[in-house]
Each structure stands twice: as structure tokens, then as C-alpha cells.
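S.K.: If you scroll down you'll find the structure; I have some questions about it.
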Amino acid sequence: MQWTRELDEAGCVRLAELIALKIRVGDAIALSGDLGAGKTTLARALIGALLGEGAAEVPSPTFALQQTYVTPRLTVAHFDFYRLSGIEEARELGFEEALEAGAVIVEWPERAASLLPHSRIEVVLAEATDPDRRVATVRGLGAAAARVARLADVMAFLDSQPVWASARIAYLQGDASTRGYARLERGASTALMMDAPRQPDGPPIRDGKSYGQIACLAEDMVRPFVAIGAVLRAAGLSAPNVLAADLDAGLLLVEDLDDRLYGREIAAGASQAELWGAAVEALVHLRRVPVPAELLLPDATRLRLPRRDRAAFEIEIELLLDWLWPEVKGAPPPPTVRAEFQAVWAPVLDRLLALPGGWFLRDYHSPNLVWMPERKGVARVGILDFQDALNEHFAFDLVSLLQDARVDVPETLERKLFELYCAEVALQDPAFDRAEFAWAYAAFGAQRNTRLLGLWARLLRRDGKPNYLQHYPRTWGYLSRNLRHGKSDVTLAPLAAWYEKHFPQSERNKTLLP
């Protein structure tokens, strides 16, 4: 995969900033071109983008041959092979070790071509007719080809937004999602770019369907984001306004609601009761918003909010058996255990499936909520993630908030805000059944935390992301709260007994790391 563009100096910086968005450990960025073509300028811009705002001066490695930088995301080594005496000298400089530990940027790569990995990004610079411009040919080899193709899409999208032509592009850390984010900064003005290409289905795992299809996860993320966000804003809630969109390419430019994420605010000493209380008020407000039969998009396509079926619930809770059980027990669960697990969940799922629907934003918790105290009422809560919303029972979003997987919510605060929610809903709906809602809250909580326990193990073992294990003890704590509620309930009591039998407290305290 390759593409060519003629770029001015600002365009070369933009190319470097966009490559920085996509760079990963193990990447090699090979910069070729004649003397004076701009290789070092591009390398410096790329390193500066990785270092972030306030980056120090990036020297040329022409004489030292190699410079290493520890950036917030990865270690990057900058090599200049112009004065290289041979491949062995490149080895002595630690090229192979640098590639294994982080990413490498190589000027004059042709002088040690045999050391370069097959999968790499190549940028060839040549002079243009205008001496102030350069012709950049960008190639993606091997696994890097798809990312290079995506860079072309992103550059074309940004080129169509001239107001942001001179904006600085800064990487934003996401969560476990496949989406990418960047902040565009132009003076005091900012916007966020969402890079969310349509995700191909994963391998079929049951009845010819992928996990995402069964669990009702959006493959096309930008269309539901645009449509649902419009409904939320019309209802007076703070969802990002869409500034520009290429729906087919999966690219959005949206309002920047700032980065006062709930988790950061709590870490900085903000009142959790105030922030979580405001988020509860927003959920109470959302109950008044009807779920449209169809959502209309700017390109005239229409969407319906799906509802999970039994298979969706089952595929989520069985993450515990498929991933956590082998981690804790050392072997897959025997068929008798799987059958017992399915049997105790069956009556719980029956009741959940029979509950009435409503707005279920799905990921209503601290990583996706922004504190905006300059706004009034429910608009103080910025909502970032809702493209996977379903037509589901209202209790689930309240569970996501009050049993936040990323932030400890004390049980006393959870109870207080649960009662606040119920009291306010009862005022607007005299038919509100608090006892039934409390059961749904406990059942959805058990389902959610069961899924998360399996998810943390999957992120560790399949995806190599052990950092999510910091949430493992908290998730067990929340699940224990839900199961305590179930000890007096005819449908939840057998479920509580199953966990006590197969995951006693001693096993819940086990670390999953070797």
C-alpha cells in the first residue's frame, strides 16, 4: 500500500503527527531521500509529537548515529545511518534491541536494509517544483499496510476541514476500544477527531456469528454516535456536537468537552457525591426521553436501537467460564460446571428479558463522563460514549455508574444515590415499582460484573493488557454486593450459592499474574 502527496512544511508536520497517532511498539519508520530532502525535519516532528506538548529540542543523530527518547506511550530510538560503516555497526548501536523494546525511526535505511523488519512504514521525500514543498511517498509493508491506508483517509478528511488546517494534532489515550482519538488544537480552539473505521466481524464462535454480533456491539460506530448524540443533545444532555463527518470512512470531528473526566476529577480531590449525584440526575432525566422507533442520519440512513436476546446475555456471562475459570483453576471448566452455571442463570435471564425497555447507553461510567460545572443542571455531565446504546432496562446504566469498574464507589454512597434515583423516578412515575427495580439492579449488576471478571482475564491472556487487572478486586467486591441482595430471592439465591461454591473468597483474592 502506498500513496503520494505534495506537502508544504506544515503538511510535513501534520504527516508526522498522524504517523505518531498510529505508531506501536515494534514499528520501524524508514525515512529516505536525498540530502536536504527533509528527513531529519520529519523525524524531529514525529519525535516531538510523541513527546507531547512542551517537547525539548530534538537533536540530529548524524554524529552520534543514535538518540533514544522515552515518550509517554513508548520508547523511540532515532537512528541516522548516513555515516554507518556497516551492518555490524548498526547492530552494535543496539538497533535490534531498540526495535524489540519500542519503535525506531531510521534515516538512510538503505544502508542497513537487511536489518529492517518486513512490516514497516516507509516515507520517501523528494523535492517538488516549489522549493518550499516536498513530495512525500508513504508506503506500508506487511502488517503496516492497513495503517498507511488509514493515514491517507485521515489526511483527506482533515484536508476537507480548512479551518483546522494549521491545528496541532495530539494523541489521546483511549480505553479498551478499537477507536482512536486525537485532539486538534488551534490557538484556544480545540476539537476531537474520532477515528473509528467499520470493524470487520471477528471469527464465528457460535451459530455462525461473531462475539460482537451476538453481544449487539456496533460494527459501524460513527453512525449510531451521530444519531444518538443528536437525540441526547435535543433532550438537554451534553453529548459532543458533531462538527464534521465522513460516515463511510468512519471519521468524525466533534466538540471537545474538555478532559475533566470523572476519574481524573476524583483523583484530584473532587466530591464524588456531587459528580455521581449529577450523573444520577442525568439518568433520571433520560427516562423522560422516548426511544425513537428509528433514528435518522444526515445521509438518510436509519437506525434502530437493538435489544439483547438470550444469546447476547449468555455470551457475555460465559466470558467468566471461558477466560477467568482457566486462569484461576488452571484448566477449562468441566461440562458439568458449565451446565450448572447455565442452569442457575436461566431463570435470571428469563426475568431480565421480560423487563420493559428504555435508553441504555451501555458504558455510562467514569471513563466516559466529563464534569462540566460551567453548565447548568443535567448538562453538567458530559457523555462521551453511547454508540453501543440499546433499548434495554433503565437499571443497567445506573449499575454501570454506581458500580463503576474503574473507580471505587463506597457502598454507602451507592445506597444513597440508588435511593435518590428511586425517589425522583417515583415522583415522575407513580407506577414505578421500587422492589422490581431493585431486583433488576442486582441482577444486571451480577450480569455486568460477571462479564467484567471474564473480560479482565481475556484482556490479560489474549490481548496482553495486564493493566486492567487493577480493577479485578473491585469487580469482585461489586459482584458480592449484588449476590448479597440475591440471597433472599428465589431466582438470585441459586446464583449466589454457585459463586460461593466455585469461587470462595480465597479464590477471589488470587492474583491472575504469575
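S.K.: Using only Cα atoms, locate the centre of region 1-61 and the centre of region 217-246, then give the distance between them in Å, rounded to an integer.
M.R.: Computed from Cα coordinates, the inter-centre distance equals 33 Å.
S.K.: Kindly identify the chain as rounded, prolate or oblate by the Cα gyration tensor criterion: order the square roots of the eigenvalues as a ≥ b ≥ c, call it rounded if a/c is under 1.5, otherwise compare a/b with b/c, prolate if a/b is larger, else oblate.
M.R.: Working: a/c = 2.29, a/b = 1.68, b/c = 1.37.
Because a/c hits 1.5 or more and a/b exceeds b/c, the chain counts as prolate.
S.K.: Still on this structure: Over the chain, what relative contact order in percent results from Cα pairs under 8 Å that are six or more residues apart?
M.R.: 11 percent
S.K.: Further question on the same structure: In terms of the ratio Rg/(2.2 N^0.38 Å) built on C-alpha atoms, what value belongs to region 2-159? Numbers along the way, then the final one.
M.R.: On the way: Rg = 14.5 Å, N = 158, 2.2 N^0.38 = 15.1 Å.
Here the answer is 0.96, to two decimals.
S.K.: Between residue 88 and residue 329, what is the FRET efficiency for a Förster distance of 35 Å, r being their Cβ-Cβ separation, to the nearest 0.05?
M.R.: Details: r = 50 Å, r/R0 = 1.42.
Given R0 = 35 Å and the Cβ-Cβ separation, E is 0.10.
S.K.: Would you mind pulling out the separation of the Cα centroids of region 90-135 and region 441-505, in Å?
M.R.: Centre-to-centre (Cα) distance: 48 Å.
S.K.: Taking the alpha-carbon distance from residue 22 and a cut-off under 23 Å, which lysines remain once sequence neighbours fewer than 8 residues away in the same chain are dropped?
M.R.: Once the sequence-local lysines are set aside, what remains near residue 22 is 39, 465.
S.K.: Among 427, 441, 478, whose Cα projects farthest towards the positive end of the dipole of region 412-514, with charges put on the beta-carbon of Lys, Arg (+1) and Asp, Glu (-1)?
M.R.: Of the listed residues, the answer is 478.
S.K.: So how much slack lies between residue 469 and residue 248, counting 0.36 nm per residue of separation and subtracting their Cα-Cα distance, in nm?
M.R.: Values: separation 221, 0.36 × 221 = 79.56 nm, distance 3.58 nm.
Gain on extension, residue 469 to residue 248, equals 76.0 nm.
S.K.: Still on this structure, I have one more. List the residues, sorted by chain then number, that are 5 or more residues from residue 238 or on another chain and whose placed amide H is less than 5 Å from its amide H.
M.R.: 381, 383
S.K.: I'd like the distance between the alpha-carbon centres of region 293-364 and region 395-425, rounded to an integer number of Å.
M.R.: Here the answer is 21 Å between Cα centres.
S.K.: Oh, and also: For region 386-514, just say rounded, prolate or oblate: build the C-alpha gyration tensor, square-root its eigenvalues into a ≥ b ≥ c, call rounded for a/c under 1.5, and beyond that prolate if a/b exceeds b/c, oblate if not.
M.R.: Details: a/c = 2.13, a/b = 1.56, b/c = 1.37.
It comes out prolate by the Cα gyration axes.
S.K.: Restricting to bridges with both residues inside the chain, how much of the DSSP beta-bridge set is antiparallel, in percent to the nearest 5?
M.R.: Details: 49 of 64 bridges.
For the chain, the DSSP antiparallel bridge percentage is about 75.
S.K.: Any idea what the relative contact order of region 361-514 is, in percent, if you count C-alpha pairs under 8 Å spaced at least 6 apart? Show your work: numbers first, answer last.
M.R.: Numbers: 134 pairs, mean separation 26.7, N = 154.
Reported as a whole number, the value is 17 percent.
S.K.: Please list, in order along region 91-103, the HN-Hα scalar couplings obtained from phi with the Karplus expression 6.51 cos²θ - 1.76 cosθ + 1.60 (θ = phi - 60°), rounded to whole Hz, x for Gly and Pro.
M.R.: Values per residue, Gly and Pro as x: 5, 5, 6, x, 4, 5, 5, 5, 5, 6, 8, x, 10 Hz.
S.K.: Also: Could you give the length gained on full extension between residue 198 and residue 391, defined as 0.36 nm per residue of separation minus the Cα-Cα distance, in nm?
M.R.: On the way: separation 193, 0.36 × 193 = 69.48 nm, distance 2.19 nm.
Fully extending the segment from residue 198 to residue 391 adds 67.3 nm.
S.K.: Which whole-Hz couplings ³J(HN,Hα) result when phi for each residue of region 499-508 is put into the Karplus expression 6.51 cos²θ - 1.76 cosθ + 1.60, θ = phi - 60°, listed in order with x for Gly and Pro?
M.R.: 5, 5, 6, 9, 9, x, 4, 4, 7, 5
S.K.: Right, another one. Identify, among 283, 242, 267, the residue whose Cα sits farthest towards the positive end of the charge dipole of region 216-291, taking +1 on the Cβ of Lys and Arg and -1 on the Cβ of Asp and Glu, with the dipole about the Cα centre.
M.R.: Highest projection toward the positive end goes to 283.
S.K.: Calculated from DSSP H runs of 4 or more alone, at -39500 (n - 2.57) each and per residue, what is the 222 nm mean residue ellipticity of the chain, nearest 500?
M.R.: Numbers: 18 runs with 209 residues, N = 514.
That comes out to -12500 deg cm²/dmol.
S.K.: While we're looking at this one, here's another question. Please compute the modelled spin-label separation between residue 129 and residue 374, points set 7 Å along Cα→Cβ, answer in nm with one decimal.
M.R.: Calculated label separation equals 4.7 nm.
S.K.: Helix 39-51 versus the longest principal axis of the chain: what is the Cα-based angle in degrees, 0 to 90, to the nearest 10?
M.R.: The two axes meet at around 20 degrees.
S.K.: Each residue of region 182-187 in turn: what ³J(HN,Hα) in whole Hz from Karplus with 6.51, -1.76, 1.60 and θ = phi - 60°, glycine and Pro shown as x?
M.R.: Karplus values, whole Hz, x for Gly and Pro: 9, 9, 9, 10, 10, x.
S.K.: Fully extended, how many nm does the chain gain between residue 336 and residue 289 (0.36 nm per residue separation, minus their Cα-Cα distance)?
M.R.: Going from the current span to full extension adds 12.4 nm.
S.K.: Long-range amide H contacts for residue 244: which residues qualify at under 5 Å (H placed 1.01 Å from N, peptide plane, sequence gap of 5 or more or a different chain)?
M.R.: Counting only residues 5 or more places away or on other chains, the set is 253.
S.K.: Quick one: putting +1 on the C-beta of Lys and Arg, -1 on the C-beta of Asp and Glu, what dipole do you get for the chain around its Cα centre, in Debye to the nearest 20? Kindly include the intermediate steps, with their values, before the conclusion.
M.R.: Values: 58 positive and 68 negative charges, 246 e Å.
Rounded to the nearest 20 debye, it is 1180 debye.
S.K.: Taking every DSSP beta bridge that has both residues in region 2-159, what percent is antiparallel when rounded to the nearest 5?
M.R.: On the way: 19 of 33 bridges.
The antiparallel fraction comes to roughly 60 percent.
The numbers here are math on the coordinates, done by the rules we state, and not lab data. Being a predicted model, the structure only gives us computed values, none of them experimental. Cβ sites come from the backbone with ideal geometry, for glycine too, and all protein chains shown count toward neighbours.
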